[in-house]
Every structure is written in structure tokens, then in C-alpha cells.
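J.: Submitted below is the structure of interest, expressed as C-alpha cells.
The values are calculated or read from the model by the stated rules, or taken from the named source; none is laboratory data. In this text, all values refer to a predicted model and were calculated from it rather than measured experimentally. Note: ideal-geometry Cβ built from the backbone for every residue, glycine included; neighbour counts use all protein chains shown. Note: accessible area is taken over every heavy atom of the protein model, side chains too, but ligands, DNA and RNA are not part of it. Shrake-Rupley method; radii C 1.70, N 1.55, O 1.52, S 1.80 Å.
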Amino acid sequence: MKPEPPFAIDATAMLDQVQTWCAINTGTANLDGLAKQAGALADALSALPGEIEMVDPAPVTGIAADGREFEKQHGQHLVLRVRPTANRRILLTGHMDTVFPADHPFQHQKWLEDGVLNGPGVADMKGGIAVILHSLMAFEATAGASALGYDVLINSDEETGSLASSGLIAEMARGKLAALTYEPAALPDGTLAHTRGGTGNYSITLTGKSAHAGRNPHEGRNAIVAAADLILQLKAMEREDITINPAKLEGGGPNNVVPDHALLRFNIRPKSTQAMESFDRDLNVLLRIIETEHEISAHRHGGVTRPPKPVDEKAQRLFDLVRECGAELGQVINWKSTGGVCDGNNIAACGVPVVDTMGVRGGSIHSSDEFLITASLAERAALSARVIQRLADGALEGA
């Protein structure tokens, strides 16, 4: 069955928007750039019915190299709510930030070949935001649009873990029939990401006691040695369902002083909720052991930012629906598991079925080789429009 009426997607307008948006630097810490981008997105999304709101970021702290806790600044998040009283409601999410700060050399766009555009954020994910907008514009032109309400969230901090928007994501996911997130496809052929592992970032501050390395070293408590012991014991905690990556060790001082400060930063990648929870418990035990054996104090900061994302029966029905809609449009839709993470992890943790790679086809994201296959703009917008149309018709009813 072909969708009726056929979707009218303006591919030229989509590409123009992507190029305009990608000319704005929106590194997660570039608050001025994010504010400019948010204004441009608000103007574009005003083509849809509903109310647009700018939401302040939640407070987030970090740990400086000296162990001091400080507040990290983030941009506002954009929210659009359409038909909030509808019985069927879905969530669409994207992010306006990129991994390229204002002083990064990768700031401009160029054509690699006909139909392949290179530039910061073209795939991840300003192309995806264009897909959100134009799929919803196409959906609004269909006869059954009034049967479905939806929220759109474009956050400003996805690339650094969505710590300033995770509460907002959970709030907006609550009660939704389904969610679609517009990260780029897992592969340039349009393959979707299926199950995902989780991720967590930790900072451990270790405080010992300084002493002269020649006169009275026995009176000191070496924080660097304690950190080294901690690193080795963390790596020994790796299992088949979790990897641990000690990433940065800071601290120390002159060679003739026993160092009284060290800061260890590390990342974990749990493949299951059980692995995530057991690691958190085991870490607390390990830190107490390190404190006792080295006679230092240890303070932990951070934790899991994105839980693992399994695919349950409800979520699989949504994947199957996307595949069916792709087949109607002549698109072959496949999926694969991935170790990457995104806001889809957070949404799935709320019990809402989600497909989180509904964005454009492209690749080499997070690098200066990032590219967008421009033909996929209209292609993926039509796919989303059809999925949303089917959801409005009750495709997941009883799921």
C-alpha cells in the first residue's frame, strides 16, 4: 500500500537549511553560537502548529584538574509541542550542538563529489533536524494529522552526554506511544542502530599527604601511587559485558615532593543494566579499599550518563514498522547493534520504544571528514513522514 497522498518534500529547501545551519558554529561550549542556532531553528519550526519554548539547561558540574568542582555552562534547549491533548502522542528528538568548538579548524563546507557534502554537523545532526522539520511538514499535510500529537526536543548538549537535558528528555518521553531520534544512520546505506550498550564517565579525586621525597618520604601518602593502583584494579574489573577505559591521570608535582593530589578520569561501557549496576556497587567497595591500603581519601564524581539500550518486543514492533514503511517507499531498511550511545538510550530507559537513527545517510562523524549524502535528506524525510502517519493511524496500538 502506497501512502496517500504522496509526500511533497522540498529537497532544495532542506539542503539550503542544512548549509545555513552548518555555517553557525555550535560546539557544545559555544553558548553564543548555540543561541544563534536556537533562534534559527525556532524560526524554521514555526512552520508547524504548536508552541515553541526555550528551556534553561539543568545545572551540571565538572571536576577541574586540581579537584575543584565547578559549574559547567550549557545552552538552552528548544521544545515544540503540537496537539498536547491528543490521545496518541509521540516524541521526536535531535540536538543542535556539535563536537567542533569555535576554535576548531573544521568550520567550512565543501563538496567532495556531486551529492556528497562535507562540513561540521552536516550529518550529526543538522541534516537530521531538517529531516524532523520536513517530515512533520509533510505529515501535517495529510488528512489524519489531527489524530496525533507530538513533542519535538532539540537539546544543546547531546555531544557531551545530555547531562543538562536528561531530566527534560525523561519528562518529555513520559506517556509517549513511541519516539524517533534523528542521529545519522549507523551506516551510509541507511542501516539503523538497534541495541546499544551504555556509557558512564567518572572522575576520582585522590588526596594524600605531601612530604619531602628525601628527608621524610615515609610521612607522605602518595596520591599518584594510589591512582596507579586504582587504574590496575579497575582494568581487572573488566568482563565480557563491560569495558573500562582509564583515560587521563592528572596531578603530581616536583620530583622531590611526595604528591598529595591525583585526579583519574575514566569511561565505562556496560552492555547490560546488570553490568552497569554491579560496577557502580563494586566501585564504591574498591575506593574504600584504596583509601584503606594507601591511607588517602577518594572522592568520586559522575556516573552512568546513558544506560544500555536493549530492544524489547514493543521497540522491535517500531523497528518493524520503519522497515515496512521503507519498503512502501522503495527503501531497504536494515539494522545492527552498536557500541555507540545517544539520547535514544535515555528514552528507552523510560520504557518508550525508540528508533534513534532516523536521520540522514552519511558518515565519518566527529571528524573533519564528516559527510552528508544529500539525496538522503528527502528520502529520510519521506520515511519519517510515513512512519508518523502510520503511528497516527494506530499502527502500534496495543504494543
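J.: Sorted by mean Cβ packing within 10 Å, highest first, what order do the peptides 307-314, 153-160 take? Before the final figure, lay out each step's value.
T.: Details: 307-314: 17.1, 153-160: 24.8.
Going by the mean number of other Cβ atoms within 10 Å, highest first, we get 153-160, 307-314.
J.: By per-residue mean of other Cβ atoms within 10 Å, what is the highest-first order of 279-292, 19-32?
T.: Going from most to least packed, we get 19-32, 279-292.
J.: Another one. Considering Cα pairs under 8 angstrom that are at least six residues apart, work out the relative contact order of region 150-273 and quote it in whole percent.
T.: It rounds to 26 percent for region 150-273.
J.: Could you please report the charge total around Leu34, scoring K, R as +1 and D, E as -1 over all other residues with beta-carbon less than 14 angstrom from its beta-carbon? Walk me through the numbers on the way to the answer.
T.: On the way: positive: Lys36, Lys72, Lys126; negative: Asp32, Asp56, Asp97, Asp157, Glu158, Glu159.
Here the count lands on -3.
J.: If each residue of separation counts as 0.36 nm, what is the full-extension length gain between Asp320 and Val332 once their alpha-carbon separation is subtracted?
T.: Value of the extension gain: 3.1 nm.
J.: I need the helices of the chain that pass two filters: whole DSSP H segments spanning 15 Å or more by Cα along the axis, and mean Kyte-Doolittle score no lower than 0.0.
T.: Span-like helices in the chain: 11-22, 31-45, 126-140, 223-235, 375-392.
J.: So what is the relative contact order for region 29-125, in percent, with contacts set as C-alpha pairs under 8 Å and at least six apart?
T.: So the answer I get is 25 percent.
J.: Using a 1.4 Å probe, what is the accessible area per residue for the chain, in Å²?
T.: Value for the chain: 42 Å² per residue.
J.: Now for a separate question. Looking at region 259-309 from every direction and averaging, what is the projected area of its Cα convex hull in nm²?
T.: Quarter of the Cα hull surface area: 3.9 nm².
J.: Only residues of region 29-48 count here: report those whose backbone N is under 15 Å from the spot 7 Å along Cα→Cβ of Gln73, or say none.
T.: The answer is 29-36, whose backbone nitrogens lie closer than 15 Å to the label point.
J.: Also, quick follow-up: Give or take rounding to whole Å, what are the principal axis extents of the alpha carbon atoms in region 311-399, in descending order?
T.: Sorted largest first, the three principal extents are 45, 30, 18 Å.
J.: Follow-up question, since we're still on this one. Could you let me know the centre-to-centre spacing of region 226-258 and region 350-399, using Cα atoms, in angstrom?
T.: Cα centroid to Cα centroid, the span is 40 Å.
J.: Probe radius 1.4 Å, ligands and nucleic acids ignored: give me the carbon and sulfur share of the accessible area of the chain as a rounded percent.
T.: 50
J.: Only Cα pairs under 8 Å and at least 6 apart count here; give the relative contact order of the chain as a rounded whole percent. Walk me through the numbers before you get to the answer.
T.: Working: 898 pairs, mean separation 93.2, N = 399.
Taking the mean separation of contacting Cα pairs over the length of the chain, I get 23 percent.
J.: Roughly how much of Arg221 is accessible, in Å² to the nearest 10, using a 1.4 Å probe?
T.: 70
J.: Could you work out how far apart the two model spin labels at Glu140 and Thr273 are, taking each label as a point 7 Å from the Cα in the direction of the beta carbon, and quote it in nm?
T.: 3.7
J.: Give the distance, in whole Å, between the Cα centre of region 1-77 and the Cα centre of region 309-324.
T.: Result: 27 Å between the Cα centres.
J.: Let me ask something additional. Cut-off 17 Å, label point 7 angstrom out along Cα-to-Cβ of Arg174: give me the residues of region 37-55 whose amide nitrogen falls inside.
T.: Under 17 Å, as judged by backbone N against the label point of Arg174, lies no residue of region 37-55.
J.: Most mobile of Tyr202, Tyr182, Tyr150 per a Gaussian network model of the chain (Cα springs, under 10 Å)?
T.: Among Tyr202, Tyr182, Tyr150, the largest GNM mean-square fluctuation belongs to Tyr202.
J.: Can you figure out the FRET efficiency of Thr61 with Asp32, using R₀ = 30 Å and their beta-carbon distance, to the nearest 0.05?
T.: Efficiency for this residue pair is about 0.85.
J.: If N is the number of residues in the chain, what value comes out of its Cα radius of gyration divided by 2.2 N^0.38 Å?
T.: 1.10
J.: Further question on the same structure: Take each of the peptides 167-173, 340-346, average the number of other beta-carbon atoms within 10 Å over its residues, and list them starting from the highest.
T.: Those peptides, ordered most packed to least, come out 340-346, 167-173.
J.: Please compute the modelled spin-label separation between Glu295 and Ser367, points set 7 Å along Cα→Cβ, answer in nm with one decimal.
T.: Rounded to a tenth, the inter-label distance reads 5.0 nm.
J.: Give me the mean projected area, in nm² to one decimal, of the convex hull enclosing the Cα positions of region 111-174.
T.: 6.3
J.: Multiplying the sequence separation of Asp393 and Leu112 by 0.36 nm and subtracting their Cα-Cα distance, what value in nm do you get?
T.: Using 0.36 nm per residue and subtracting the Cα-Cα distance, I get 97.1 nm.
J.: Restricted to Cα positions, what overall size does region 230-318 have along the principal axes? Three whole-Å values, descending.
T.: 64, 22, 21
J.: Within the set of other residues whose C-beta is less than 11 Å from the C-beta of Thr205, count the net charge using Lys and Arg as +1 and Asp and Glu as -1.
T.: Taking every Cβ under 11 Å from that of Thr205, the sum is 0.
J.: For Lys110, what is the net charge nearby, where nearby means another residue's Cβ is under 14 Å from its Cβ and Lys, Arg count +1, Asp, Glu -1?
T.: Values: positive: none; negative: Glu113, Asp114, Asp369, Glu370.
Residues near Lys110 contribute -4 overall.
J.: Quick check: from the Cα gyration tensor, does region 4-158 come out rounded (a/c under 1.5), prolate or oblate?
T.: oblate
J.: Lys/Arg Cβ at +1, Asp/Glu Cβ at -1, dipole of the chain taken about the Cα centre: which of Leu136, Ala123, Leu180 is farthest positive-ward?
T.: Sorting the options by dipole projection puts first Leu180.
J.: Excluding same-chain pairs closer than 8 in sequence, count the lysine pairs in the chain whose Cα atoms lie under 21 Å apart.
T.: Eligible lysine pairs with Cα atoms under 21 Å apart amount to 13.
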